[in-house]
Each structure stands twice: as C-alpha cells, then as structure tokens.
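Taking it in order: structure first as structure tokens, then the write-up.
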Amino acid sequence: MLFDTDFPVWLSPMEDVTNPPFRRLCKRMGADVVVTEFVPTDAVIRNVAHSLKKFDFDESERPLGIQIYGHLEDAMVEGARLAAAAKPDFIDINWGCPVKKIAGRGAGSGIFKDIPKMLRITEQIVKAVDVPVTVKTRLGWDEQSKVIVEVAERLQDVGINALSIHGRTRAQLYTGEADWTLIGEVKNNPYMYIPIYGNGDIKTPERVAEVKQRYNVDGVLVGRASIGNPWIFREIKHYLQTGDKLPSPTHQERLDICRQHLLDVIEWKGLKKGISQMRQHYSNYFHSIPYFKPLRIELLRATELDHILEIFDRIADFLESSDPASILSHSSD
Ligand SMILES: Cc1cc2nc3c(=O)[nH]c(=O)nc-3n(C[C@H](O)[C@H](O)[C@H](O)COP(=O)(O)O)c2cc1C
C-alpha cells in the first residue's frame, strides 16, 4: 500500500497555491496526501534557485510528493533524481498540464502526442529513483483520443505505483464538467492493480462519497475547492467517517486562518509575491461574510501588508459589532 490511509484525500498540486504554508494548513485540516507545485526539470538541472526551492517541505507534511514536469528526456530523469534526493515520499510526474506553453512543447498533457515517449521517460524515472513514482494525467488529448484506459495499463507495466486521473481532456482545459466514467473504467479494469485516484470538480463531501461508491476509486484529489477553503478536507473526512456534515467554519475562524495564511505565505515567498499569491484565496475565505463585496475589490487591489491587515481589522470589528459602518469605513481615506 502506498499510503497508510484507506481512502486518501489529496490536496491536488496547484502552481502558486500548494506551497508549504498552504500544504501545512490543509494537512492540519485533514488532507491525507499533499504534493508540491509542479517543478520544471529543465530549470532544476540548471540549478535555478526558485525552482529548487520548490523541493522544500517539512516533516509535518508527509506523506508528500514532489511533482516534476518537462519534455526533455534526460532532464526529466536527472530532475527526478534530484527531486528524490530531497527525500519526498514519492515523485509525481505531471503528464496532465494543459497550458499552451507547456503542452505545446510536449510536456504535461502534450505527451499524449507521443505516448511511447511518455512510457520511456516514465520507465527511466521509475528505474532511476528509490522512492515510489506516481503519475497525474488526463483522459487524453481531445474528445477523439480518450486513450486513458490503455495508457493506464502501459504506465502500470512500466512500474508506476499509482495513477491520478483528472476527468478532462487536454482540449477541454478546465471547461465543461469532469467526466468520471472513464476514471471508473480504468479503476474497474481487471488488468489494473495499482491505486487509481480520481480528480475533477470535487466540491462537496457528498460528491466524494458518491464517486467513491459509484466509481470505486481508491481516493480523490481536491484542487480548486480547497482554495480559500482548507476546511474542505476535515469536512470530507468527517462525512466519510460518520455520514454527517460538519458545521461550516465561523467567520472568526475564517479570518484568523486567512490572516495567518497570509503572513506564512509572505514569509515563504516574500512580500510582493506573497501578497499577490494570496489574492486567489480571499473570495472563498470571506464569501459568506455579509458586506464583503465592497471590500473584495479593495483587498484584491491592496499592495501593502498594513493595508490588508487594516481591512482584516475592519472585518474583525464588523464581526464584533455587526455594524456595517465598521466594515465600510476606510481609515486611510
Ligand atoms: C491554479 C491552478 C494551478 C494548477 N497547477 C497544477 C500543477 O502544478 N500540477 C498539476 O498536476 N495540476 C495542476 N493543476 C490542476 C489541479 O491539480 C487539478 O487537477 C484540477 O484543478 C482539477 O481538479 P479540481 O476540479 O478539484 O480543481 C492546477 C490547477 C489550478 C486551478
């Protein structure tokens, strides 16, 4: 078994999101498995500092995977070796990224244009490293080439330890709805024995229970629904264990966690990048707070830490007083 947990719920790898502070936060909230942001192997072998930094993690994050991507065979294998030297619990190969500048070069989901190369690189990585190797991928290149059932067999043949499948093709990018039927076909293929983890549009604990039951997957990956909402992991775990829904986090808890998350990301990424990376989290953190709308734009535009903390203070005042004036007044007007 790759992980101790029966039905692991993963924090899906996301660039500029699944940095160490967010991974630790999700772990505290119940995520069973976390993965780094994807790391470009061509930069790693050239010793590019900000890419190497993405290998960093701490012990509390285990089990943790380092995800790598690239299109150059030698760089992928050498990059995997360097990643393994950081002693993660596993290496995850990204054969799923749909972004044009990545897939267009044959990395990420671009590898569906050359499946023999995908198998060759994957096999070499399996042989080169002394930790388990997993793959994260999509259904295929486009509607006419949903080849995942066969590709999954071949990936298993070259020795990967588990496979995560996002139920979209490359051509779909993030549009439409994730199609879980082919994920279920891979899982229920009698030839397959490695764990199959499903991914795509998981937004509620009920949906996790449904895909578990209907498609028989060995676990799920939660991506976008965790942004500004790390509580989703404890909600899913609780629901799977008890069939009951946990109450949503309080406004105060949302504010406290968001404030700490911001400070931790700034410590990790530096002031400017930290402030910018946090912007994608605010809407979800605060969506349920009355009168948040007018503050949203102000928060998204704020470039100074003091200004952001002052907005948080206004939210805190409002939570105490329930007086809309406290949220709307702007001390620096
Ligand atoms: C902002 C963002 C960054 C992402 N970065 C990565 C990445 O680095 N590696 C990866 O395998 N997938 C990446 N993904 C894809 C997610 O891991 C996941 O497969 C996808 O969002 C579908 O799951 P969801 O519907 O739960 O979000 C990214 C997705 C988003 C929205």
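The values are calculated or read from the model by the stated rules, or taken from the named source; none is laboratory data. What you see is a predicted model, and the numbers here were worked out from it, not measured in a lab. Methodologically, a virtual Cβ is constructed for each residue, glycine included, from the backbone with ideal geometry; neighbour enumeration extends over all protein chains shown. Ligands, DNA and RNA are stripped out before the accessible areas are found, and what is left, the full protein with its side chains, is counted by its heavy atoms. Shrake-Rupley method; radii C 1.70, N 1.55, O 1.52, S 1.80 Å.
Worth a mention:
- Among the residues of segment 111-128, the ones that are open to solvent by 50 Å² or more (accessible area, probe 1.4 Å), in contact (Cβ under 8 Å) with a residue 24 or more places away in the chain and out of contact with any Asp or Glu (no Cβ under 9 Å at 6 or more places or on another chain) come to 2 in all.
- Gly30 being open to solvent by less than 40 Å² (accessible area, probe 1.4 Å) and farther than 30 Å from Arg254 by Cβ: no
- For segment 205-239, taking the residues that are more than 11 Å from the ligand (Cβ to nearest atom) and free of Cβ contacts under 8 Å to residues at least 12 places away in the same chain, the one that is most open to solvent (accessible area, probe 1.4 Å) is identified as Gln213.
- Matching residues, segment 103-120, being within 16 Å of the ligand (Cβ to nearest atom) and among the aliphatic types (A, V, I, L, M): Ala103, Ala107, Ile111, Met118
- Some residue of segment 192-200 being among the aliphatic types (A, V, I, L, M), in contact with a strand residue (DSSP E or B) (Cβ under 6 Å, 6 or more places away or on another chain) and either outside any helix (DSSP H, G or I) or at pLDDT 95 or above (or both): yes
- Among the conditions (1) of a type in the set (D, E, K, R); (2) surrounded by fewer than 17 Cβ atoms within 10 Å (Cβ to Cβ); (3) assigned to a helix (DSSP H, G or I), the only one that Asp244 does not satisfy is (3).
- Only listed residue being open to solvent by 30 Å² or more (accessible area, probe 1.4 Å), charged (D, E, K, R) and within 15 Å of the ligand (Cβ to nearest atom), chosen from Lys100, Lys146: Lys100
- Residues in segment 24-39 that are in contact with a helix residue (DSSP H, G or I) (Cβ under 7 Å, 6 or more places away or on another chain) and within 12 Å of the ligand (Cβ to nearest atom): Val34, Thr36, Glu37, Val39.
- Extreme residue, most open to solvent (accessible area, probe 1.4 Å), among residues of segment 159-182 that are hydrophobic (A, V, I, L, M, F, W, C) and either within 12 Å of the ligand (Cβ to nearest atom) or within 18 Å of the chain's Cα centre (by Cα) (or both): Leu173
- Segment 283-333 holds helices (runs of 4 or more DSSP H) entirely within its bounds, and those carrying 1 or more residues that are open to solvent by 50 Å² or more (accessible area, probe 1.4 Å), out of contact with any Gly (no Cβ under 7 Å at 6 or more places or on another chain) and modelled with pLDDT of 90 or more map to 292-301, 305-321.
- Of all residues making up segment 40-59, the number that are touching a helix residue (DSSP H, G or I) at 6+ places or on another chain (Cβ under 8 Å) and open to solvent by less than 70 Å² (accessible area, probe 1.4 Å): 10
- Residue in segment 129-137 that is more than 16 Å from the ligand (Cβ to nearest atom), touching a Leu at 6+ places or on another chain (Cβ under 9 Å), among the basic types (Lys, Arg) and touching a residue at least 12 places away in the same chain (Cβ under 8 Å) present: no
- Tallying residues that are more than 10 Å from the ligand (Cβ to nearest atom), in contact (Cβ under 8 Å) with a residue 60 or more places away in the chain and of a type outside the set (Ser, Thr, Tyr) within segment 2-23 yields 9.
- Breaking point among (1) at pLDDT below 95; (2) under 20 Å from Ile266 (Cα atoms); (3) in a loop (DSSP other than H, G, I, E, B), for His50: (3)
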